[in-house]
Amino acid sequence: MIDLDAYPRPDTGVIGRVVDGPTPGSREAVVVLPARGKIDVLNNVGARIWSLVDGRHSVRQIATIICDEYGAEQAVVDADLVEFLDDLVRRRAIVMGDRPLPLSEMGV
């Protein structure tokens with residue numbers, strides 16, 4: 001089970017980009033998983049989560065942002081987010097850290 005205080009970030013070699021979706025105002029994330037030879041497309045909420053999976057936001061912080069932006073209940077978002085991130089870990093799209101990435105490791 002993913003800890004709400006963990007810091008998710010893209011796995012090494014994974015490339016992701018948030019792009020305009022098929023309907024006005026919607027966004028999608030295109031995630032390339034070279035190790036698996038696969039491309040995943042995430043929906044609007046998935047794209048927003050992907051934009052926050054940067055090694056600087058904890059799972060708890062991401063859940064709070066999603067609750068605020070989408071007006072959803074905290075318990076529901078916590079459960080759904082953990083399930084979504086667990087799936088991304090299984091797909092080797094992200095890894096979890098126990099502390100935020102230092103800016104020096106983010107290319108900043």
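Out of the residues in the stretch 71-92 that are β-branched (Val, Ile, Thr) and over 12 Å from the mean Cα position of the chain (by Cα), which is surrounded by the most Cβ atoms within 10 Å (Cβ to Cβ)?
VAL77
Conditions: (1) within 10 Å of the chain's Cα centre (by Cα); (2) crowded, with 17+ Cβ neighbours inside 10 Å; (3) of a type in the set (Asp, Glu). ASP54 meets all but one. Number of the miss?
(2)
Of all the strands (runs of 3 or more DSSP E) wholly in the chain, which have at least 1 residues that are of a type in the set (A, V, I, L, M) and in contact (Cβ under 8 Å) with a residue 60 or more places away in the chain? It would help to see each step written out before you state the result.
Values: elements: 7-10, 15-20, 27-33, 38-42, 94-97.
Passing ranges, in order: 27-33, 94-97.
Residue by residue through the stretch 57-69, note down the ones that are closer than 21 Å to ASP40 by Cβ and either of a type outside the set (A, V, I, L, M) or surrounded by fewer than 19 Cβ atoms within 10 Å (Cβ to Cβ) (or both).
HIS57
FYI, it's all coordinate maths here, none of it is from the lab. Here the structure is a predicted model, which means the values were calculated and not measured. In this analysis, Cβ positions are derived from the backbone assuming ideal geometry, glycine residues included, and neighbour counts consider all displayed protein chains.
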